[in-house]
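The values are calculated or read from the model by the stated rules, or taken from the named source; none is laboratory data. Predicted, not measured: the structure shown is a model, and the values here were computed from it. Quick reminder, even Gly has a Cβ in these numbers, built from the backbone with ideal geometry, and neighbours come from all protein chains shown.
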Amino acid sequence: MKNLKKILALALAALCVFAFAACGSKSSLTVEQGKLIMATNATFPPYEFYEGDKIVGIDAEIAGLIADKLGLTLEIADIEFDSIIPGVQSNKYDMGMAGMTVTEERKAMVSFSDSYAKGVQVVIVKEDSAIVSLDDLKGKKIGVQQSTTGDIYASDDFGEENVTKYANGNLAVEGLKGGKVDCVIIDNEPAKAYVKANAGLKILETSYADEDYAISFNKQNTELQEKVNAALKELIADGSVQKIVDKYISAQ
Ligand code: ARG
């Protein structure tokens, strides 16, 4: 009787182990089989923006080539910039790709691919602005895109009370044009695109901060991170990434 109980207990334990193992191995490479779902915020030319109803740009095209290499179909979700990291953390999306700067704070929340591009934070002002250098920004009203590094640095350096946070870069530039803010701090390439699209604006000669852009992943999904890194390496080595960058950046 005692033995039977022991055997039963052992059998039960073994069953539990199998059940757990089965659950553990269920996890697949991506959230939805066969798809690579990229979260972005498509108000950020030339990295991601709309051409008609299609999201195009450097990030969109690089992601397309990565998906091809992985045998997956790319799907792009256009969401608020500050929803990208939470969405990747909760496995709603496979990866975040949005001209996103690698920072220590973000590295605590998600893992990053190797860097595929460099960014610089710059200052956009009106052509006739009295602001000529970074020192002139003290006490001025600064417009930024909410939760971007421009927002974080400006709030640190010039005081949160002087920083107006807009949902996206377009709206920040509208704020500058309408005189609601005295300048906009944002990444250099989008800044060039905004200045080109809006008369009467210019970019200050002095740049504010240098950064690396990378793709973000759920910390648990090291398999996807490794596969994307391997694909990215090949695409950088064979010149595909540079070709995409040239297409969008020299075309401006
Ligand atoms: N590089 C900046 C950051 O990581 C801004 C990125 C904004 N990207 C976008 N797609 N709206 O914070």
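Listed by first and then second residue, the pairs linking a residue in the range 101-115 that is under 15 Å from residue 87 (Cα atoms) and among the polar types (S, T, N, Q) to a residue that is within 12 Å of the ligand (Cβ to nearest atom) and at pLDDT 95 or above, with Cβ atoms under 9 Å apart and 6 or more places separating them unless they lie on different chains, are 111/216. The sole residue among 188, 168, 162 that is of a type in the set (S, T, N, Q), in contact with a strand residue (DSSP E or B) (Cβ under 9 Å, 6 or more places away or on another chain), surrounded by fewer than 20 Cβ atoms within 10 Å (Cβ to Cβ) and more than 24 Å from residue 116 (Cβ to Cβ) is 162. Answer yes or no: is there a residue in the range 154-170 that is more than 27 Å from residue 108 (Cα to Cα) and either within 16 Å of the ligand (Cβ to nearest atom) or within 17 Å of the chain's Cα centre (by Cα) (or both). Taking every residue of the range 154-170 in turn, at least one turns out to be more than 27 Å from residue 108 (Cα to Cα) and either within 16 Å of the ligand (Cβ to nearest atom) or within 17 Å of the chain's Cα centre (by Cα) (or both).
When each of 231, 199, 167 is tested for being among the small types (Gly, Ala, Ser) and closer than 18 Å to residue 40 by Cα, the lone residue that passes is 167.
Residues in the range 58-78 that are outside any strand (DSSP E or B), within 13 Å of the chain's Cα centre (by Cα) and not hydrophobic (A, V, I, L, M, F, W, C): 59 only.
Counting the residues of the range 45-78 that are of a type in the set (A, V, I, L, M, F, W, C), in contact with a Phe, Trp or Tyr (Cβ under 8 Å, 6 or more places away or on another chain) and touching a residue at least 40 places away in the same chain (Cβ under 8 Å) gives 3. Residues of the range 198-226 that are among the aromatic types (Phe, Trp, Tyr) and more than 30 Å from residue 142 (Cα to Cα): 217 alone. Taking the listed residues 223, 189, the one that is more than 13 Å from the ligand (Cβ to nearest atom) and touching a residue at least 60 places away in the same chain (Cβ under 8 Å) is 223, with no other qualifying. Test residue 95 against the criterion of being touching a residue at least 40 places away in the same chain (Cβ under 8 Å), more than 12 Å from the ligand (Cβ to nearest atom), among the hydrophobic types (A, V, I, L, M, F, W, C) and closer than 19 Å to residue 58 by Cβ, and give yes or no. Here the answer is yes, as residue 95 does meet what is asked.
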